[in-house]
There are 2 protein chains.
Amino acid sequence: MTTVAEYVIDRLAELGIDCAFGVPGDFSFPFDDAIDASDRVQWIVCANELNAAYAADGYARIKGAAILSTTYGVGELSALNGVMGSKAHRLPVFHIVGSPSTRVQKKGLITHHTLGNGVYNNFAGLSASAACVVANLTPENTIAEMERVIKEAFLHSAPAYITVPMDLGLMPVMGERPEKLVTRADCQQGISIQGELDAAVSCILDKLASAKTAVALPTGFLATRGLQSLCESFLNKVNLPFATTPMDKGVLSEAHPSYLGLYAGAGSVPESLKDWVESADVVLDIGGVVFLDFNTTIWTSSIDQDRLITIGDQFVRVGQKIFTGIAMGDVLQKLVDKASFKGTPNPQLGYPESSITDSSEKFVCSSDFYPRLRSLLKPDDVLVGETGTCLLHMNKLRLPDRVGFQNQTLWGSIGWATPATLGISLANQSGRTILVTGDGAHQLTANEIGTMGRYGINPIIFVLNNGIYGVEDELSELGHVYDDLAAWQFHQLPAAMGCGKWFTARCATIEALDAAIAHADSFDGACYIEVMIPASESKPLPEQIKQSLYQTKTPT
Amino acid sequence: MTTVAEYVIDRLAELGIDCAFGVPGDFSFPFDDAIDASDRVQWIVCANELNAAYAADGYARIKGAAILSTTYGVGELSALNGVMGSKAHRLPVFHIVGSPSTRVQKKGLITHHTLGNGVYNNFAGLSASAACVVANLTPENTIAEMERVIKEAFLHSAPAYITVPMDLGLMPVMGERPEKLVTRADCQQGISIQGELDAAVSCILDKLASAKTAVALPTGFLATRGLQSLCESFLNKVNLPFATTPMDKGVLSEAHPSYLGLYAGAGSVPESLKDWVESADVVLDIGGVVFLDFNTTIWTSSIDQDRLITIGDQFVRVGQKIFTGIAMGDVLQKLVDKASFKGTPNPQLGYPESSITDSSEKFVCSSDFYPRLRSLLKPDDVLVGETGTCLLHMNKLRLPDRVGFQNQTLWGSIGWATPATLGISLANQSGRTILVTGDGAHQLTANEIGTMGRYGINPIIFVLNNGIYGVEDELSELGHVYDDLAAWQFHQLPAAMGCGKWFTARCATIEALDAAIAHADSFDGACYIEVMIPASESKPLPEQIKQSLYQTKTPT
C-alpha cells in the first residue's frame, strides 16, 4: 500500500530530485514520514522555513526542480518570501504542506497554528500566490493531480503548491500510475504551433542575415529550461558574439571566445560594450532579459525596440511583431538547423585584467579581495553572490571557464545566498560551491551554517565584514545608524553551530587572506573565512544615481 | 514641514510606543529615516524581518501596541508569519511598509523586489491578510487615515498595515492634526449599546447570585485591553475564585488567594480542578477562552454551555442568550458597580508543591530544572515560554506574586520566544525578562541574540539542549531522524554574535546549574545558560492522545 504522501514524494523523486528541504512539524507528519522512509529523497532539515525555501531555490537552479516541505500556517508563511523569490526567478519548487485532519475540521475543533476561530483555509491562498499551480490532494485525485502539477510547474517554470490534510495524506492512493509519466524534458520543450514557429524563425534569420553587427544576450532562463548547450550550439554555428546582464551572468562560459562581457548599461564591462550593444543592428535576447534597475545600472541601458529580437518563453518578438504559442527550445533547435550565414564580427573589445597586486596597504580592500577570489575559481565551481555591494564587485569579474554564477538580482532578498549555498552544494556534485556574502545579509540566515555542518557539505564561504549594511548605506540618503550592525565575531560561528571540523579564519590583512585562500584551496572540507573590509570603502553613490533609482523628488 | 512618513512615526509615538522593530531597506527609507530622526522612537534593527515581527509581538504584549517596519515585498513577506501570529493573539502591531515611488510605477519601470513584470501591487494584499485594517497613505489622506487605522487596530485588537510609496512618503503631510486624537483607552473601552449592556449585566448577576459554586476564567485578552485591574476588582468584590488556561496563564497574579490553578481539561493543576470547574454552577469566561487542543490537553475540557458565561469582545453570551454591541470594559465596570452578593466558596484545592530536591542524579532532569527556575522568579519579572515541551512544564509552575507569563499557545510558531524576549525586555522596564526555550526552537531565530547585545538589553536566557525537536519527537509516530538537530554549542553563540560581556554557562550537572542560577540572580547584565537535558526524557505520549490530536485514523 502506498499512501498519498508517499506517492507524492516518490513521484517527485522520479524527476531526479534527491533532497527535500524543510522543517518537520505537525500537521505535515505524513509528508515528513514519507521523506524519512524514502530511499530516493534525503531529508535536509533546515534551521527555519525561510532558509529551507532559499535552499530549495538554490537546489532548483542546478537540478531544475526542488522539494520544499513545511507545515501548515506558521511554516508555509515563514517560507513565503523565499518561494516568491523562486517565482520571480522562475524556478520550479514543489512546496508540500500538510494541514489538519479533515476529521478535526468536520468536528469544528480548534487547533494550534490557526487564528482560533475554527477556520482552516486562511493560509492556502497566501501560499498559492507564490505558485503557478495548486493541488488539494485526496486519495482519489492524487495520481492525476501530480501529473498536472508537474506539467504546469515545468511549463510555467514556477513553484507549485501541494497540500493535503493529515488523514487523507495517510490514506492509500487510488488508481494506477500512468505508464507515460510527465517528464521535465516534455514540459520544458513544450509544443509549438508550427505556423508561428516557422514564421518566427525565418523572421529572426532574415534579420540576422542582413545585420552588419549583432550581439546575443543569453539569459539564465536557458539554464532553467536546460537549453544552455543548444543555445551555445547556435551561437557557435553563426559565430555570434554574446554578452550577459548581471542577472544572467555565468549562464554560458565566460572563457568562450565570443564572450564580450557584462552588459549593464552605463556599468557595462568593458565600458565600450554599452555603445557596441546599443548600436548593433540586431540585439538577440535569448530567454527574456529583465531590464530592471539592478540589471541596467539604474535604467541606463537603451536598446532600440526595432533592433531588439526577444526569444521569450512561449513567444518571439521581432521589433513590433509578436509570435506566440512557441517553445523556446523549438526556436533554438530550428535556428541551429536553418542558420546558414557566417555571422557577424566580434568587436574584440577586450576585458579589464583582474590582476593580483601586492598592495602596500596592510588591510584588505575590495581591489585586493576580488582578484584573489577569481584566482581560486576552477572549472565546475559555482560562485554564489549575495545581494549587496559584493555582488556589484563580482558582476565585474570575468569568470574562468565553466564556472557557474548564481545571484538573486531581481528578487534581491538579502540573506538568500547562505541557505542557497546549502541547496546549490547538495545539487552541484561536480565542483565546489563558493559563497561570497556581506555581514549585513549573512546575519539574516547565518543559522543555516549548522545545517551545512550536520549534513557534511563543504562550501567555501567568504563573509566580508565591514560592520554596516553596505549597499543600504550607499543607497539611503545619509550614513544612518540603522545601517550599522551588531558586532558579530563571524569566524566563531561555525564552531558555535557544531561545525567543529571546519577551517575558519578571520583575515584583517592581505597576508592573512592569502594564507587562508591557499589553505581553502587545498583543504578537503568546509572553509569559512571572515574578511575584514574597511567600512570607509562604502562610498555613497552620486546623488544623481539615487535620484534616478528612487525618483522621489519633483523633477526639475 | 512634516513629511508623511514623519507624521506616521510621530502619531504612533503618541500612543506610547517608543521602539520600532524592523530591518531597514529600500523602498522603506522614508520610514527608516523618520524613525532615525525621531527623538521619541528608537530604531531596533533586528537580524531579520520575521524576528522583528516576533519582537514587535512581544513588545505589544506589554505596551499594548508596537511598530514593525519592513520593506516592500521581500521584507513584508518575511514578516508575515510573525504578524499573523499577532493577529491570532490579538495584538495591535502597526506594520509600516514603503513601496516604490509612484514616479517609477507610472513610468512602467521594473525594479528589484518585484516579479519583474512591472506589477506593483502583488504583495500588499498578502500583508493585509494579517491585518484588520489597511491604509494606503497619500499626503492628503494621512492625517485622517492614521486616526482611522489607530481606532480600528485598537477596536479589533489586531495588526494594521500602513503603506506609502517612497515619493509620497517624503512629501509634506496636508491638513491639520485634529485637536482630539484617538487614544488607546477610547478604543479599548469601546462604546456600548445601553440596553444590551444593562440586559447582559443583569443576566450575569442573576446567574452568579443564584450559583452555589462559580469560577472565573480570566484570559490574556484582559491584558491586551488594559483591563486586568478592573477584572481583579470585580473578582475581589464578589470573592470569586479563578483559574486560567495555559494560554492565559499569568494574566492575574497566581499568588492571589482566589487563584485555584491551571484549568486545562485532563491536564489541570491540581488535577481535581477539572471536576471542580466542570461541575460549577457558573463558569465565567472573561475575555474569551480559546478551547484549542494545546489549551485543553487535547480537547479534554468539557464545560456545559448552559453553565458557561462568556464576557467576550463586543458580546456577552449567557447560555443560549447572546448580547452584542457591548464593550468588555463597560461590562466589567458595571459588574463592579452593581454586584452586591457575597460570592461563592473557594474550594481550597491546594497546588502541588514545587520543591527543589537534591537529586542524586548528576545530570539535569526537568524535575530538577523547573523548581529552580521558579525559585529565581521575583515580582515584576516576565517569564517567556517557548512552544515545546518546556512550555508544558512551565504551564504547571505556580508563578510567584506579580510574575508575568508570555507564551504563544495558539499560534505556536516555534522560534517566536527568542525575538519576543527582545521586545518584551524593551517594553518591560520594571522587572527582568526570563526566557526558557528549547534547542529546536531556538535555532530558528537565535540570530536575534546579537541584536540584544547591540542594544544592551539584559535578559536571562535558558536554552534547554536535548539534541532533538522534543515536542515533535513526542507527537510524530516514531523517533525520527528528522527530529534530531545539528549539534550547536549554544553557550558559544553570544560571544560569536558580539555579546562578549554576557555571562554564559553550559550546565551538564545540577551543581553547575545551581552555580549558574546563583550567578544569574546576582549578575548585573545578560545571562545565557545552556542546560543539557537527556533526550531520553522526551517520552512518547500515549498513542491515544496522539490519535485524539491528529484524528488521522478510521474510528473503530
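The values are calculated or read from the model by the stated rules, or taken from the named source; none is laboratory data. This is a predicted model, so every value here is computed, not measured. Positions of Cβ are generated from backbone atoms using ideal geometry, with glycine treated the same way; all protein chains shown enter the neighbour counts. To get the accessible areas, we keep the full protein, side chains included, count just its heavy atoms, and leave off ligands, DNA and RNA. Shrake-Rupley method; radii C 1.70, N 1.55, O 1.52, S 1.80 Å.
Once you reduce the stretch B:485-529 and the stretch A:267-341 to the center of their Cα atoms, the two points are 58 Å from each other. The magnitude of the dipole of chain A, with charges of +1 and -1 set on the Cβ of Lys/Arg and Asp/Glu and taken from the Cα centre, is near 800 debye.
At q = 0.08, 0.16, 0.17 Å⁻¹, what log₁₀ I(q)/I(0) does a Debye calculation on the Cα points of the stretch B:17-172 give, no solvent, two decimals? Rounded to two decimals, the profile gives -0.19, -0.81, -0.92.
The rotation axis bringing chain A onto chain B passes closest to the chain A residue reported with its distance as A:Ala496, 2, by C-beta distance in whole Å.
In the stretch B:11-164, a dipole from Cβ-located charges (positive for Lys and Arg, negative for Asp and Glu) runs towards its positive end, and of B:Gly75, B:Gln42, B:Gly85 it is B:Gly85 whose Cα lies farthest in that direction. Calculated mean residue ellipticity, 222 nm, chain B: -10500 deg cm²/dmol, from DSSP H runs (n ≥ 4) at -39500 (n - 2.57) each, averaged per residue and rounded to 500. With viscosity 1.002 mPa s and temperature 20 °C, the Kirkwood radius over alpha carbon pairs of the stretch A:302-359 converts through Stokes-Einstein to a diffusion coefficient of 144 µm²/s.
Shape summary of the stretch B:122-200, radius of gyration then Dmax from alpha carbon positions: 15.6, 53 Å.
Each 5 Å bin, from zero up to the one with the longest distance, holds this percent of the alpha carbon pairs of the stretch A:382-541: 2, 9, 18, 23, 22, 15, 8, 3, 1.
When all alpha carbon pairs of the stretch A:233-324 are counted in 10 Å bins from zero, the resulting P(r) reads 17, 50, 31, 2 %. Excluding same-chain neighbours fewer than eight residues apart, the lysines reachable from A:Lys87 by a Cα-Cα span under 23 Å are A:Lys63, A:Lys151, A:Lys249. Rounded to the nearest 20, the Cβ-based charge dipole of the protein assembly as shown about its Cα centre (Lys and Arg +1, Asp and Glu -1) stands at 1200 debye.
Computed from the C-alpha gyration tensor, the three semi-axes of the ellipsoid equivalent to the protein assembly as shown are 52, 31, 30 Å, from longest to shortest.
If only the Cβ of Lys and Arg carry +1 and only the Cβ of Asp and Glu carry -1, the dipole of the stretch A:30-154 around its Cα centre is close to 260 debye. Over all distinct Cα-Cα pairs of the stretch A:478-525, the Kirkwood formula returns a hydrodynamic radius of 12.9 Å. Entry note, the stretch B:98-171: relative contact order of 44 percent, from Cα contacts under 8 Å with a spacing of 6+ residues. Calculate the translational D of the stretch B:170-277 in whole µm² s⁻¹ from Stokes-Einstein, where the hydrodynamic radius comes from the Kirkwood formula applied to all Cα pairs, the temperature is 20 °C and the viscosity 1.002 mPa s. It diffuses with D of about 128 µm²/s by this estimate. Normalised by residue count, the stretch A:61-107 yields a Cα convex hull volume of 75 Å³ per residue. For the set B:Lys396, B:Lys180, B:Lys237, A:Lys501, solvent exposure ranked by accessible area (probe 1.4 Å, protein chains only) runs largest to smallest as A:Lys501, B:Lys180, B:Lys396, B:Lys237. Counting only residues at least eight positions apart within a chain, or on another chain, the lysines with an alpha carbon under 17 Å from that of A:Lys321 are A:Lys207.
Stokes-Einstein, applied to the Kirkwood radius of chain B over Cα pairs at a viscosity of 1.567 mPa s and 4 °C, places its translational diffusion at 52 µm² s⁻¹. When nucleic acids and ligands are ignored and a 1.4 Å probe is applied, A:Ile143 ends up with an accessible area of around 20 Å². All Cα-Cα distances of the stretch B:194-253, cut into 10 Å bins from zero to the largest, leave 20, 46, 31, 2 percent in each bin in turn.
In the distance distribution for the stretch B:84-165, Cα-Cα pairs more than 14 Å apart total 63 percent.
The value of relative contact order for chain A, using C-alpha pairs under 8 Å at least six residues apart, is 12 percent. In the stretch B:169-291, taking the dipole from charged Cβ atoms about the Cα centre, the farthest positive-side position among B:Thr219, B:Val182, B:Gly265 is held by B:Val182. Largest to smallest in accessible area, the residues B:Thr418, B:Thr183 fall in the order B:Thr183, B:Thr418 (1.4 Å probe, all protein chains included). Computed from backbone phi with θ = phi - 60° and the Karplus coefficients 6.51, -1.76 and 1.60, the 3J(HN,Hα) list for the stretch A:367-375 is 5, 7, 6, 5, x, 5, 4, 4, 5 Hz; x is used for glycine and proline. Remark: the stretch A:282-328 projects, on average over all directions, an area of 3.2 nm² (convex hull of Cα atoms).
When both bridge partners sit in the protein assembly as shown, DSSP labels roughly 15% of those beta bridges antiparallel. For the stretch A:308-351, chymotrypsin sites (Phe, Trp or Tyr not before Pro) are listed when DSSP marks them as loop and at most 14 other Cβ atoms sit within 10 Å of their Cβ; the list is A:Phe341.
Accessible area of B:Glu140 (1.4 Å probe, protein heavy atoms only, ligands and nucleic acids ignored): about 130 Å². Residues of the stretch A:429-455 whose accessible area, computed with a 1.4 Å probe over protein heavy atoms, drops by at least 50 Å² once all protein chains are present relative to their chain alone are A:Leu444, A:Asn447, A:Arg454. Could you tell me whether the stretch A:327-405 comes out rounded, prolate or oblate from its Cα gyration tensor? Rule is a ≥ b ≥ c as square roots of the eigenvalues, rounded for a/c under 1.5, then prolate if a/b exceeds b/c, otherwise oblate. It is prolate, given that a/c is not under 1.5 and a/b is the larger ratio.
Considering only B:Gly98, B:Asn236, B:Leu208, the residue lying farthest towards the positive end of the dipole of the protein assembly as shown is B:Leu208, judged by Cα position with unit charges set on Cβ. Among the protein heavy atoms of the stretch B:379-451, carbon and sulfur supply 51% of the accessible surface, probe 1.4 Å, non-protein parts ignored.
Counting pairwise Cα distances across the stretch B:275-417, what percent come out greater than 17 angstrom? For the stretch B:275-417, the fraction of Cα-Cα distances above 17 Å is 74 percent.
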